[in-house]
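These notes concern the structure reproduced below.
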Amino acid sequence: MESIEMTTMSLKRAISSEELVGDDGIKRQKLSENSPLEEPLKNVQEPDQMLDIQYKKAIDTDVADEVPVAIVEDEDNEEDVLELESEDGEPESFADMMKHGLSEIDVGITKFVSTHEGFSGILKERYSDFVVHEIGKDGKISYLTDLSVPADNEDPSEEIYSVLSADDKKRLEELQMLKNKEANVEIEVIDDTKEKRTIIHQAVKGLFPGLETKTEDREGKKYIIAYHAAGKKALSNPRKHSWPKSRGSFCHFVLYKENKDTMEAINVLSKYLRVKPNIFSYMGTKDKRAITVQEIAVLRITAQRLAHLNKCLMNFKLGNFSYQKAPLKLGELQGNHFTVVLRNITGTDEQVKQAMTSLRDIGFINYYGMQRFGTTAVPTYQVGRAILQNNWNEMIDLILKPRPGAEKNYLVQCREEWAKTKDPDAALKKLPVKRCVEGQLLRGLSMYGLKNIVSAFGIIPRNNRLMYIHSYQSYVWNNMVSKRIDEYGLKVVPGDLVLKGATAIPVEEGDIDSYSINDVVMPLPGFDVIYPKHKIAAAYEEMLAADNLDIKNMRHRIKDYSLAGAYRKIVIRPQDVSWEVVAYDDPKISLVKTDLDTLDGNPPPSFNKEGKYRALKMEFSLPPSTYATMAIREVLKMDTSIKNQTQLNTVWLR
């Protein structure tokens, strides 16, 4: 599965709170607001140049199964304060809680490819500092450029959106969603004209897919009767006869969103359209704390209905509508184009030039970023290892056991109940929300019992289950790539692997000059890959053997957990790299002109050459299966783990 992940990190110099204003008008987690984290870099000597690192939760982009699943519930619950007590009863600081987490070295991220000197900057101080445009399967960057609806004689008139009263809409929605026991809804037609009745018929069928209508005379009055055409199936399969045969079944559109992840956005759209979310399709999920632009497809919903949402939704815009015959599929995208602003940078113009030139010309090590491995004291790769070992009891223990570190209070209570009673029903009662992995697993254990863990685990969505074993593969890959670079540097050596089409072949001695380090791939362990023909192959075997796994037998007795393996380039060179250093005074101002700014005719940001702060504005394109975090890591030359930053912060504060 392919993804682009962007762990949200803010790299700040230690300046006054007045200088760090930049709210974006959204509520931030208490965790972020109260936990400044500083890191001194090697090239920084003065206290006023220390770094403040703040982490805010983000969602992996471009793949559904990469979402960290330890907590997948609402972030805005005011009662969930991330605060634990230490042994002496005193609340632990965020730094104390995060000391139990992972550092980069724990997951094999140890090398850089460049030699420039690092510097500091603030990443994502505002979500508008991180703009992502999807690169479609045709290789073109998706932009929102047109909000108009394509002309279509089959579309109902705009009048249908206002012909039904609020009470009518409420009753129809309840009927559509099977939330009442009524067999139908009656709408009295006071205006006895056929034209008026036709508009109401169109409105009911257009706004409430799955409902059918008919006109009846009752006691001298005319009524339009709405009823279910096909029961529950109609919710996800609108009546085919109501869709013109000459038109493609899928409406494709460009979705512009601010501070919403893709699934959250689709849930909102489906709610307002009164349809199931599974009729939407997309090529990849996108970050929450960002402005993102991507293509979405939806089954048998008109462009007119979609465009109507622009009038009632905040932080969304839909446009560039077209009708197509096919939906979109995960992984079809060619990549993503990023516009990233690093605010308040400390690097000189020369340091910035060296860093960005290196990123453009050499690239960065294509590590899997920290978010791939989870944010709690129990890394996801450990769960994946237990699954591959068929050690189901350990898998259950790893997911449900109490652990030190920052977690929501209800999860802490749920884990404590599980540790005390091993009663899934009792532990489940501690969870106000059940859709997190812990809740799903406990529900499975309640249904199937502790002696049928495989079935209990199986009720978790497949992509989320596979995330664990993919995390283990990533853990192995990171470690092996660090070992490969440590052993051979950035030169191609005999036995390295390169791709010919989809097939990996070893490089022969005489062919070394035909390849660069950007051509070399390394395998994720599996039954359908080959390994380098040098000493790194033995390192793979030794690492898996230490984990009681046989590299020659990566097939699992449960087919879902059999690993075929894959190949991944060890160094990625971004495309379309450009950058500029700009000066600004107001931390609140936007430094990027968005698609919406262009549509609204807003001028580009204006910069003051004598501004108090300096920002590095960079643009680059990355292919799928590439973590933008690692590109930023290479530019700034710093450890991106929460654990490392909080520990450095604690030391500095003393």
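Structural remarks
- Surface share of carbon and sulfur [accessible, 1.4 angstrom probe, percent] for the range 348-406: 44
- Accessible surface of the range 518-654 [probe 1.4 Å, protein heavy atoms]: carbon and sulfur percent: 47
- Model label points for Ala545 and Ile589, set 7 angstrom from Cα along the Cα-to-Cβ axis, are 6.3 nm apart.
- Per-residue Karplus couplings for the range 492-497, computed as 6.51 cos²θ - 1.76 cosθ + 1.60 with θ equal to phi - 60°, are listed in order as 6, 10, x, x, 4, 9 Hz, Gly and Pro entered as x.
- Mean projection area, nm², convex hull over Cα of the range 314-419: 14.3
- In this structure, the residue pairs whose Cα-Cα separation is over 29 Å, taken from Lys137/Lys317; Lys124/Lys569; Lys286/Lys429, are Lys286/Lys429.
- FRET efficiency for the Asp423 to Lys535 pair, using the beta carbon distance and R₀ = 41 Å, is estimated at 0.20.
- Take 115-121, 280-286, 489-495 and order them by the average number of nearby Cβ atoms within 10 Å per residue, most first; the result is 280-286, 115-121, 489-495.
- Solvent-accessible area per residue, Å², over the range 283-355 with all protein chains present [probe radius 1.4 Å]: 33
- Qualifying chymotrypsin sites (Phe, Trp or Tyr not before Pro) in the range 480-581, DSSP loop, other Cβ atoms within 10 Å at most 14: Tyr515, Phe527
- Using a probe of 1.4 angstrom and keeping all protein chains present, the accessible surface of the range 581-636 works out to 41 square angstrom per residue.
- Across the cross-link table entries Lys111/Lys257; Lys311/Lys430; Lys500/Lys552, which are compared at the Cα atoms, the separations over 28 Å belong to Lys111/Lys257; Lys311/Lys430.
- 5 Å-binned pair-distance histogram of the range 401-478 (Cα, whole percent): 3, 16, 22, 21, 20, 12, 5, 1
- For Asn393, neighbours were defined as the other residues whose beta-carbon sits under 14 Å from its Cβ, and their charges (Lys and Arg +1, Asp and Glu -1) total +2.
- Qualifying GluC sites (Glu not before Pro) in the range 467-536, where qualification requires a DSSP coil assignment and no more than 15 other C-beta atoms within 10 Å, comprise Glu508.
- Largest-first principal axis extents, alpha carbons of the range 253-311, Å: 28, 24, 17
- Computed lengthening from Glu219 to Glu487, 0.36 nm per intervening residue step minus Cα-Cα distance: 87.5 nm
- Peptides ranked, highest mean first, by Cβ atoms within 10 Å: ranges 334-343, 414-423, 307-316: 334-343, 414-423, 307-316
- Descending by average beta-carbon neighbour count within 10 Å, the peptides 551-560, 288-297, 393-402 line up as 288-297, 393-402, 551-560, the highest first.
- Net charge of neighbours whose Cβ lies under 12 Å from the Cβ of Lys430, counting Lys and Arg as +1 and Asp and Glu as -1: 0
The values are calculated or read from the model by the stated rules, or taken from the named source; none is laboratory data. Model, not experiment: these values are computed from the prediction. Neighbour counts are summed over all protein chains in view; Cβ atoms, including those assigned to glycine, are modelled from backbone coordinates with ideal geometry. With ligands, DNA and RNA removed, areas are computed over all heavy atoms of the protein, side chains included. Shrake-Rupley method; radii C 1.70, N 1.55, O 1.52, S 1.80 Å.
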